[in-house]
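**Q** Structure provided below as structure tokens; questions to follow.
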Amino acid sequence: MIVAKNLTKVFIQKDGEELYAVNDLSFTANKGEIVVLLGVNGAGKTTCMRMLSTVLQPTSGTAIMEGFDLKNNPQKVRANLGFLSGDTGLYSRLTAREVITYFARLYDVENAKIKSRITELAELLDMHDFLDKKIDLLSTGMKQKVSIARSIIHDPPVMIFDEPTAGLDILTAKNIVSFIHKCKTDGKCVLFSTHIMREAERIADRIVIIHEGKILAEGSWEEFKKETGMHDLDDIFIHFVNKIREVGNELQ
Amino acid sequence: MNFNKIFIIYKKELLDLMRDRRTVITSLILPIVLYPLLMIGFSSMMSRQELKLEKQEMVIYVNDNVLNISSVSIEDELKKVENFQIMEEVMIFEKTTFLDLLEENSIQVLIDIQDSVSTSGFQVLNVSVYYNLSNDKSSLAHEKIVDIIKDIEQNLVGERLSKININIEILNAVEIKDENIAPPEKMMSFALGKILPYLLIILTISGASVIASDLVAGEKERGTLETILVSAACRNELVIGKYLTIITMSIVTVLLNLFSMYITFSHIFSQAGQAVDGLQLPLGNFALILLIMLPLITLFSAILLSISTYSRNIKEAHSYQMPLIFGSIMLSMVSFLPGFELNLGFALIPIVNFSLLIRDIMLSNYNMMYLFIVVGSTLVLDIIMVSLSIRLFNNETVLFRTVEEKSLKFWGKQKKDIFSTQFVVIFFLVILFALYYFGSSWQSKELMSGLIKTELLIILLPVILLLRISRSDIKKSLRLNPVKPVNFLLVILAAIPVIILAAIFGQLINLIYPISESYMEAMKNLVTVQERGIWFSIFVIGILPGICEETMFRGYMLNAFRKKGFWPAIVIAAVLFGIFHLDLFRLLPVTLLGIWMGFLALKANSLYLAIFAHALNNCLAIVFVNYSDKIPFLEKLVSEENIPFWYAIPAFLTLYAIFASIKKVNKEIVFEE
């Protein structure tokens, strides 16, 4: 389970100006639930994901993951977390098995268990044919499968996907989506970010719409429909963005 | 920190590197193959080349103006030499034509024989041997000819002496016999000791640089860094794991280099038949060198890891490594220079210390104390660099540096900020080069007028022009503000403690880096009143630099750096001021002086006070050097004798009190960032 509390990230730009990439973000993602962070490019999704995965330190606020505070206990947070993004690389000179084993060891998976776990994952993701090939020789789809295996080798209760389908062909993307569904049925807590409305529509239990670092709306697809009276998620998204602009203008 | 995880990371990195062809070639294969190829190939090529040269035909022209038995014997003897071809005599001899032929290598030697009569009435053959030293063939021919002519001379002298019944052996009054007491091992160590440090340092750094750039910058480039950061390993474990990988690979590289070098040299010497005479390479020395290389390897690894962490990709890492590699090459060459001995000063300069120490170890002639100083000082630097690496790796703005740096374009459509750090640094470098190329040559032509031109044209004018062109408020930018008069009094009071502290500081530096007599003499000359009188000296050396240099450093630059805070701004401007004097011996004292003047300028918010302090300092130097003999206290300061170190205590206390007073006097002035 993830509980984000007032997460804020400020970047100081070259000219000394402050940029609020993520501004006071609070939300919850429960066990067995898929929560989608939806927003255009530059909305602050990746920054938020990076803070949750402890790669970046929040400027203020924090998040609790499986009972561990990411500020005080980042290592425990990472141990309970699987992270996958569209552009995470793999070590091209190692074989798929070596990469997965390396991460398993870093995640403290017992040596005796590593082998059986890899066989299990190879079965699940249909990786037997290329398990002992060097990453360099694999296709994009195969690499993505290795990345998935790498991210769940330690069977984490929380999964974070940062635009995992970006730049992938339709078949590979479909694999990922079905994998995400499997995570949900396995009772994992899933946080997923995307800028593609249709993708969000298809897999989300709950959607958190963020824009310019702030939450515009939070709820299920059905709730959004009811609230706005609209049926298309694109329209709903634009509706929320316009609404916040109007509020901003009024304030000015 | 979990050592098991460090080991997992370390093992993976080694495996990964071992599969990288580039790394394997530069770190493992190159050292093994390089020496045999280089040494054996080179030596056989050399001997073959020499042989070839010996066999080549050499054309010689003899212009004999004497034509007596002795002179003709020269030509006759030359004709007997194999490969010597004596040119037919020409009808009209023109020396310049033959010198041209010599220059274009059509002939190798021109011999011009004249004669004269000595004061005692003997005939002397004047043989001029013209040859071309830039040509191997000509040099070789010259060598042979000189030997032949010496033999002929010997015969001639013999004949003359026998005519008056004197035995030629009378000439052998002194016989010089060269006896080299160095055993062959030592000779070899001497030769190896010069080249080994250079080779080892360069190979270590070049091997480690390839690996280091791959380990972090490479991960950034391949997009694997984020993957590893979200793993359960903590960042310090990652840094240490990677650091150990670089160290291991470097040790292997050095070990292979030493091993390959040892085998190759042994091979060469056994071929040359010297092994029979008991010549052995000093194996123990090689082992000690490997041991003392460890701190240097760890230092290089830490620096290279920091560079790799800072860089966004491998290409960027390579360009940042360039100055380090280039600097190391230059510094490591010190072992080639004669007369450079390891002393306390050199023992504290990185790379230079290792270069000299390795040379001494090869000669089995090293000083244990210096060995410990070299190793100890390197370990201290090592700790600093490793902690820097760890800090960089934990700094997310460095790790995820994505913003493109501003381009080097300054004068575009927009009004550029002449107070940005980047601009100031470039401006400083341009001025520095101008000073080096123009200022130095003006001053070497005529010191005083050169100084005036340098101060006005290279230092003051560019700053004023810059401020005018950028339409900056000159008065505000340079802090041309009125000062409370009491400040001037305080600066005058501070002059004596400042001078005492500077002198003691100079003495301390002199202990570590002894300043040469000639340098002291040159410095003294600079401030000695020349023919134009004391007031002229005070103006050129005292007041003018005060105005011009302060305008640049405490005016323009201090203003540019003020964003960085009160003390950082002062220190940065002072360090640039120190570098600007292009004098290693004065770098520290001048920088300290710069800090004092920076403090005055910012505290009183006025450039005038800094100018006053600067001019006062320079003027006092003139007065001291020229009038010290008339004032007993000054004599002690300027004389060769050292000032007792305890003088520093009252001087420091006085200065501290003046510091506090200046702060108090100007307390209403607020420092604006």
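**Q** Take the residues in the stretch B:159-214 that are of a type in the set (Asp, Glu) and open to solvent by 30 Å² or more (accessible area, probe 1.4 Å); name whichever of them is nearest to B:Phe286 (Cα to Cα). Working first, answer last.
**A** Taking the stretch B:159-214 and keeping what is of a type in the set (Asp, Glu), we get B:159, B:169, B:175, B:178-179, B:185, B:214.
Within this subset, residues satisfying the condition of being open to solvent by 30 Å² or more (accessible area, probe 1.4 Å) are B:159, B:169, B:175, B:178-179, B:185.
On the way: B:Glu159: 58, B:Glu169: 51, B:Glu175: 40, B:Asp178: 31, B:Glu179: 28, B:Glu185: 13 Å.
Once the filter is applied, the top-ranked residue is B:Glu185.
**Q** Still on this structure: How many residues are within 13 Å of another protein chain (Cβ to nearest Cβ) and in contact (Cβ under 8 Å) with a residue 12 or more places away in the chain if we restrict to the stretch A:100-129?
**A** The first filter runs over the stretch A:100-129 and keeps only residues within 13 Å of another protein chain (Cβ to nearest Cβ), leaving A:100-111, A:114.
Among the residues that remain, those that are also in contact (Cβ under 8 Å) with a residue 12 or more places away in the chain are: A:100-101, A:103-104, A:107-109, A:114.
Looking only at that region, the number is 8.
**Q** Then there's this: Considering only residues that are among the aliphatic types (A, V, I, L, M) and surrounded by fewer than 18 Cβ atoms within 10 Å (Cβ to Cβ), which ones fall in the stretch A:148-167?
**A** In the first step, residues of the stretch A:148-167 are kept if they are among the aliphatic types (A, V, I, L, M); the result is A:148-149, A:152-153, A:158-160, A:166.
A:Ala166, the sole residue that qualifies.
**Q** Restricting attention to the stretch A:46-74, which residues are more than 13 Å from chain B (Cβ to nearest Cβ) and open to solvent by 10 Å² or more (accessible area, probe 1.4 Å)?
**A** Answer for the stretch A:46-74, where residues must be more than 13 Å from chain B (Cβ to nearest Cβ) and open to solvent by 10 Å² or more (accessible area, probe 1.4 Å): A:Ser60, A:Gly61, A:Thr62, A:Ile64, A:Glu66, A:Gly67, A:Asp69, A:Lys71, A:Asn72.
**Q** Working only within the stretch A:144-181, note down all residues that are at pLDDT 90 or above and of a type in the set (Lys, Arg).
**A** Correct list: A:Arg150 only.
**Q** What pairs come out if I take residues in the stretch B:560-579 that are within 14 Å of B:Phe423 (Cβ to Cβ) and open to solvent by less than 60 Å² (accessible area, probe 1.4 Å) and pair them with residues that are among the β-branched types (Val, Ile, Thr) and assigned to a helix (DSSP H, G or I) whose C-beta lies under 8 Å away, six or more apart or interchain?
**A** B:Ala560/B:Thr421; B:Ala560/B:Val424; B:Phe561/B:Thr421; B:Phe561/B:Val424; B:Phe561/B:Ile572
**Q** A follow-up question, please. Could we say that A:Arg97 is part of a helix (DSSP H, G or I), touching a residue at least 24 places away in the same chain (Cβ under 8 Å) and within 12 Å of chain B (Cβ to nearest Cβ) here?
**A** no
**Q** What single numbered condition from (1) polar (S, T, N, Q); (2) at the interface with chain B (Cβ under 10 Å from one of its Cβ atoms); (3) touching a residue at least 40 places away in the same chain (Cβ under 8 Å); (4) within 22 Å of A:Cys183 (Cα to Cα) fails to hold for A:Asn30?
**A** Looking at each condition in turn, A:Asn30 falls short on (2).
**Q** Which one of these is among the charged types (D, E, K, R) and over 39 Å from the mean Cα position of the chain (by Cα): B:Glu13, B:Glu54? Break it down into steps so the answer makes sense when it comes.
**A** Values: B:Glu13 fails: over 39 Å from the mean Cα position of the chain (by Cα).
B:Glu54 is the lone residue from the list that is among the charged types (D, E, K, R) and over 39 Å from the mean Cα position of the chain (by Cα).
**Q** Can you name every residue in the stretch B:433-450 that is open to solvent by less than 30 Å² (accessible area, probe 1.4 Å) and aliphatic (A, V, I, L, M)?
**A** Once the filter is applied, which keeps residues that are open to solvent by less than 30 Å² (accessible area, probe 1.4 Å) and aliphatic (A, V, I, L, M), the stretch B:433-450 yields B:Ala434, B:Leu435, B:Met448.
**Q** So, one more: For the stretch B:1-108, list the helices (runs of 4 or more DSSP H) that sit wholly inside it and hold at least 1 residues that are more than 14 Å from chain A (Cβ to nearest Cβ) and open to solvent by less than 50 Å² (accessible area, probe 1.4 Å); which are they? Let's see the steps before the verdict.
**A** Details: elements: B:3-18, B:30-35, B:41-55, B:69-80, B:95-103.
The helices (runs of 4 or more DSSP H) meeting that bar are B:30-35, B:41-55, B:69-80, B:95-103.
**Q** Could you check B:Glu549 against (1) touching a helix residue (DSSP H, G or I) at 6+ places or on another chain (Cβ under 9 Å); (2) of a type in the set (Asp, Glu); (3) surrounded by fewer than 20 Cβ atoms within 10 Å (Cβ to Cβ) and say which number it fails?
**A** (3)
**Q** Looking at the stretch A:1-27 only, could you name the residues that are basic (Lys, Arg) and either away from chain B (no Cβ under 14 Å) or surrounded by fewer than 17 Cβ atoms within 10 Å (Cβ to Cβ) (or both)?
**A** A:Lys5, A:Lys14
**Q** Given (1) more than 12 Å from chain B (Cβ to nearest Cβ); (2) acidic (Asp, Glu); (3) part of a helix (DSSP H, G or I), where does A:Asp132 come up short, assuming only one miss?
**A** (3)
**Q** Still on this structure, please answer the following. Can you report the number of residues in the stretch B:414-432 which are within 26 Å of the chain's Cα centre (by Cα) and either open to solvent by less than 50 Å² (accessible area, probe 1.4 Å) or closer than 18 Å to B:Glu550 by Cα (or both)?
**A** 8
**Q** Looking for something of a type in the set (Gly, Ala, Ser) and in contact with a strand residue (DSSP E or B) (Cβ under 7 Å, 6 or more places away or on another chain) - is there at least one such residue anywhere in the stretch A:151-165?
**A** Yes, the stretch A:151-165 contains at least one residue that is of a type in the set (Gly, Ala, Ser) and in contact with a strand residue (DSSP E or B) (Cβ under 7 Å, 6 or more places away or on another chain).
**Q** Quick check: is even one residue across the stretch B:595-612 under 18 Å from B:Ile509 (Cβ atoms), crowded, with 18+ Cβ neighbours inside 10 Å and modelled with pLDDT under 90?
**A** Within the stretch B:595-612 (the criterion being under 18 Å from B:Ile509 (Cβ atoms), crowded, with 18+ Cβ neighbours inside 10 Å and modelled with pLDDT under 90), the answer is no, since none of the residues qualifies.
**Q** Considering (1) closer than 25 Å to A:Thr172 by Cα; (2) at pLDDT below 90, say which one A:Ala43 fails and leave the rest.
**A** Only one criterion in (1) closer than 25 Å to A:Thr172 by Cα; (2) at pLDDT below 90 is unmet by A:Ala43, namely (1).
**Q** Scan the stretch B:215-224 for residues that are free of Cβ contacts under 8 Å to residues at least 12 places away in the same chain and buried (at least 20 other Cβ atoms within 10 Å of the Cβ) and jot them down.
**A** Taking the stretch B:215-224 as the starting set, the residues that turn out to be free of Cβ contacts under 8 Å to residues at least 12 places away in the same chain are B:219, B:222-224.
B:Glu219, the sole residue that qualifies.
**Q** To continue, here is another question. Check whether at least one residue in the stretch B:184-206 is in contact with a Leu (Cβ under 9 Å, 6 or more places away or on another chain), touching a residue at least 12 places away in the same chain (Cβ under 8 Å) and within 14 Å of chain A (Cβ to nearest Cβ), and report yes or no.
**A** No, there is no match, as no residue in the stretch B:184-206 is in contact with a Leu (Cβ under 9 Å, 6 or more places away or on another chain), touching a residue at least 12 places away in the same chain (Cβ under 8 Å) and within 14 Å of chain A (Cβ to nearest Cβ).
**Q** Follow-up question, since we're still on this one. List every residue pair whose Cβ atoms sit under 6 Å apart, with the two residues 6 or more apart in sequence or on different chains, where the first one lies in the stretch B:225-237 and is closer than 22 Å to A:Ser92 by Cα and facing chain A (nearest Cβ under 8 Å) and the second, anywhere, is hydroxyl-bearing (Ser, Thr, Tyr) and not in a helix (DSSP H, G or I).
**A** Matching pairs, first to second residue: B:Glu226/A:Thr88; B:Thr227/A:Thr88; B:Val230/A:Ser53; B:Ala232/A:Tyr107.
**Q** Still on this structure, I have one more. In the stretch A:78-88, is there at least one residue being surrounded by fewer than 18 Cβ atoms within 10 Å (Cβ to Cβ) and away from chain B (no Cβ under 14 Å)?
**A** For the stretch A:78-88, residues surrounded by fewer than 18 Cβ atoms within 10 Å (Cβ to Cβ) and away from chain B (no Cβ under 14 Å): absent.
**Q** Can I ask one more? Looking at (1) surrounded by 14 or more Cβ atoms within 10 Å (Cβ to Cβ); (2) aliphatic (A, V, I, L, M); (3) within 30 Å of B:Leu653 (Cβ to Cβ); (4) under 35 Å from the mean Cα position of the chain (by Cα), find the lone condition where B:Ile512 falls short.
**A** Just one mismatch for B:Ile512, condition (1).
The values are calculated or read from the model by the stated rules, or taken from the named source; none is laboratory data. What you are looking at is a predicted structure, and each value in this text was computed from that prediction instead of being measured. Neighbour counts run over all protein chains shown; Cβ positions are idealised from the backbone, glycine included. For the accessible areas, the whole protein counts, side chains as well, though only heavy atoms, and no ligand, DNA or RNA atoms are used. Shrake-Rupley method; radii C 1.70, N 1.55, O 1.52, S 1.80 Å.
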